[in-house]
Amino acid sequence: MSKIPMLIDCDPGLDDAIAILTAAHTADLVGITTVNGNVGIEHTTHNALAVLQAAGLDVPVHRGAARPLVADTIDASYVHGPTGLGSVTIPDLDRSEDSDDAVGFILETSHDIEGLHLVAIGPLTNIALALRRDPTLPDRLGGLTIMGGAAVGGNVTATAEFNIWADPEAAAIVLREAGPVTMVGLDVTHQVLLGPEERDMLRDAGFPAARLAADLLDYAVERIGEIRGWAGAPIHDACAVLAATDPDLFGGDVRPVDVELTGALTRGMTVVDYRPSGRDGRIAPDDSATLVLREVDAPTVVHRIVDAVIKLGP
Ligand code: RIB
Ligand code: CA
């Protein structure tokens, strides 16, 4: 079966890095764009290049937004480490990014490659800017999948997930205007934990990409263990990649979703309307509704991630 063409917009980030490696095997990874998020744009761009270099992957990287549309610039270095790749020693790069116009690359690629799947696994700043530059972008996509939000709960606050919280105005633009969107939120990603067993399988494989993933997992498992007391780390972003390449492993339903922008306790919350359709006051028009994923075959997804990274080979 042919692999879907995929462009990943990301903020590497420990799980972004594993998502890139997963996509390199499960998809036809045609390009990467970077955004400020887990760490600053210099680091996220450098990290994307470093992950590709470590795995021997020749994929273009285009730098994107250095700050959110409106919100103050924040980061998640308390989770991902000051560089964004934990304690991994990042080698000197043998190349630099292909451009600093992520939005232009996204739009150009959507014209050049039929059925392009755009997978956004960081704050949605670049995607919102692309929609502002060309509102017809969704018409040309084979799919738009985001790692972000949650039907219930949050991680960076009680009600907000980091990617949405980091740039809620951008997320609102995307969810209101880019439909249909597939939302891979914490409801799913908190079921997909990789721990010491998966780390050892990757390390034992011995290939460069697998060893890198094992090193990233070392840090992620330790930090999540300290922060949440969990034995494994949720590999959020690789779930979004597999939701695009292996949709049968996930379940959910199409619902209107909008983003809270002003609540003192709820800014950055993805509000999902589970009331019966047709009710007055729906929070979003049904034709822009979002596929909200909530079920996942977690053991198979975990295996698929590990298997994909190992199969990148030497
Ligand atoms: O909430 C999880 C998301 O925030 C992931 O994309 C992770 O990389 C961080 O960016
Ligand atoms: Ca991310």
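The values are calculated or read from the model by the stated rules, or taken from the named source; none is laboratory data. Keep in mind that what you see is a predicted model, and the values were worked out from it rather than measured. No Cβ is skipped: glycine too gets one built from the backbone with ideal geometry, and neighbour counts run over all protein chains shown. Areas reflect the complete protein model, heavy atoms only, side chains present, ligands, DNA and RNA absent. Shrake-Rupley method; radii C 1.70, N 1.55, O 1.52, S 1.80 Å.
Find all pairs meeting these conditions: Cβ atoms under 9 angstrom apart; at least six residues apart or on different chains; first residue within the range 125-139 and touching a residue at least 12 places away in the same chain (Cβ under 8 Å); second residue open to solvent by 60 Å² or more (accessible area, probe 1.4 Å) and part of a helix (DSSP H, G or I).
The qualifying pairs are ALA128/GLU177; LEU131/GLU177; PRO135/GLU177; PRO138/GLU177.
Specify the residue that is nearest to ligand 1 (Cβ to nearest atom); the eligible residues are those in the range 124-143 that are open to solvent by 10 Å² or more (accessible area, probe 1.4 Å) and in contact with a Ser or Thr (Cβ under 7 Å, 6 or more places away or on another chain). Let's see the steps before the verdict.
From the range 124-143, those open to solvent by 10 Å² or more (accessible area, probe 1.4 Å) are 129, 132-136, 138-143; that's our starting set.
Retained after the next criterion (residues that are in contact with a Ser or Thr (Cβ under 7 Å, 6 or more places away or on another chain)): 140-141, 143.
Working: ARG140: 25, LEU141: 20, GLY143: 18 Å.
For the range 124-143, the residue satisfying everything is GLY143.
Criterion first (under 16 Å from VAL272 (Cβ atoms) and touching a Gly at 6+ places or on another chain (Cβ under 8 Å)) does PRO168 satisfy it? Can you show your working first?
Working: under 16 Å from VAL272 (Cβ atoms): yes; touching a Gly at 6+ places or on another chain (Cβ under 8 Å): yes.
Answer is yes for this residue.
Go through the range 107-127 and count every residue that is more than 16 Å from ligand 2 (Cβ to nearest atom) and over 20 Å from LEU21 (Cα atoms). I'd like the intermediate steps shown before the answer.
We begin by selecting, within the range 107-127, every residue more than 16 Å from ligand 2 (Cβ to nearest atom); these are 107-117.
Retained after the next criterion (residues that are over 20 Å from LEU21 (Cα atoms)): 107-115.
Looking only at that region, the number is 9.
Tell me, which residue of the range 189-248 that is touching a residue at least 60 places away in the same chain (Cβ under 8 Å) and assigned to a loop (DSSP other than H, G, I, E, B) is farthest from ligand 2 (Cβ to nearest atom)?
PHE207
Out of LEU265, LEU261, report the one residue that is touching a Pro at 6+ places or on another chain (Cβ under 7 Å), open to solvent by 10 Å² or more (accessible area, probe 1.4 Å) and at pLDDT 95 or above.
LEU261
For residues that are within 15 Å of ligand 2 (Cβ to nearest atom), farther than 21 Å from ALA244 by Cα and assigned to a helix (DSSP H, G or I), tally how many sit in the range 163-188.
Adding up the residues that qualify gives 3.
Looking only at the range 1-52, how many residues end up being hydrophobic (A, V, I, L, M, F, W, C), open to solvent by 20 Å² or more (accessible area, probe 1.4 Å), in contact (Cβ under 8 Å) with a residue 40 or more places away in the chain and over 20 Å from ASP215 (Cβ atoms)?
The qualifying residues number 2.
Can we say GLY251 is small (Gly, Ala, Ser) and at pLDDT below 95?
Taking the combined requirement at face value, the residue does not satisfy it.
Assuming TYR274 fulfils every condition listed in (1) open to solvent by 60 Å² or more (accessible area, probe 1.4 Å); (2) within 18 Å of LEU14 (Cβ to Cβ) apart from one, which condition is it?
Here TYR274 clears every test but (2).
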